[in-house]
């Protein structure tokens, strides 16, 4: 005798995502205490991006992150519910509760997310990229030969080096050469000099990826960041939470390609201040 089909699961209103109106899948909780699907938060965050640099411990390294860490839920954007600028973190306890309470519906949502929409990281959607930017520093006494010098290393670390084509670094014009292009990790420039100045770094992605840069959803293959050298102690570091998107066939958002020539292409570079 055939067993009767299980009764369809009725999902409580509080367990529905306010964006897609489906059962919350891989839910994230915003700082303003709203719940959304991780993919819905990522898609909503597609409307804006932040490139401000947040101070971070110099000892922080990307290797300290869980290798399965998905920075997408950490993207900052206006909350779709209250418009407050916020970030979101995975609510794994709630995810486990929802999967246990609605096993069939949650399984259907998993299939939908991983096939129709892509995985939570989102091969075709907005993805997060963590960037560490800063400089290490060591003072060298000049002795009788002259003033003290500063041995410093400027660096950029990214959580997705596989999609970074190059990083263009603009130094003070007194350095030779004043502009270099780093083409593979570690992305860093080691120098010996006397004073601080602002370094301009331009991060260029491999096609078909582009940075999501503003509230209009414009895309560009390059992202510009500025870093003021710090000669206090061992140096300093900052963290940037940025967004990228795979742009295959995205005719509505053409990529802004920067065609400026790259004068020097090196994995890393040692400089002497002249």
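Readers should treat all values here as calculations from the given coordinates under stated rules, not as data from a laboratory. Quantities reported herein were computed from a predicted structural model and do not represent experimental measurements. Quick reminder, even Gly has a Cβ in these numbers, built from the backbone with ideal geometry, and neighbours come from all protein chains shown.
Based on the Cβ-Cβ distance of residue 32 and residue 141, what FRET efficiency does E = 1/(1 + (r/R0)^6) give at R0 = 51 Å, to the nearest 0.05? E between residue 32 and residue 141, to the nearest 0.05, is 0.50. Ordering 19, 131 from the fewest to the most neighbouring beta carbons within 10 Å gives 19, 131.
Here the label points at residue 13 and residue 151, each 7 Å from Cα along the C-beta direction, are separated by 6.7 nm in the simple model. Distance from the C-alpha centroid of region 178-238 to that of region 15-42: 33 Å, rounded to the whole angstrom.
Expressed in nm to one decimal, what extension gain is obtained for the pair residue 207 and residue 83 from 0.36 nm per residue of sequence separation less their Cα-Cα distance? Could the numbers behind the result be given before it?
Working: separation 124, 0.36 × 124 = 44.64 nm, distance 3.22 nm.
Once the chain is fully extended between residue 207 and residue 83, it gains 41.4 nm.
Counting 0.36 nm for each residue step from residue 200 to residue 114 and taking away their Cα separation leaves a gain of 27.1 nm.
Most exposed first by the Cβ proxy, i.e. fewest other Cβ within 10 Å, how do 138, 168 rank? It would help to have the intermediate numbers written out before the result.
On the way: 138 14, 168 21.
With the sparsest Cβ surroundings first, the list reads 138, 168.
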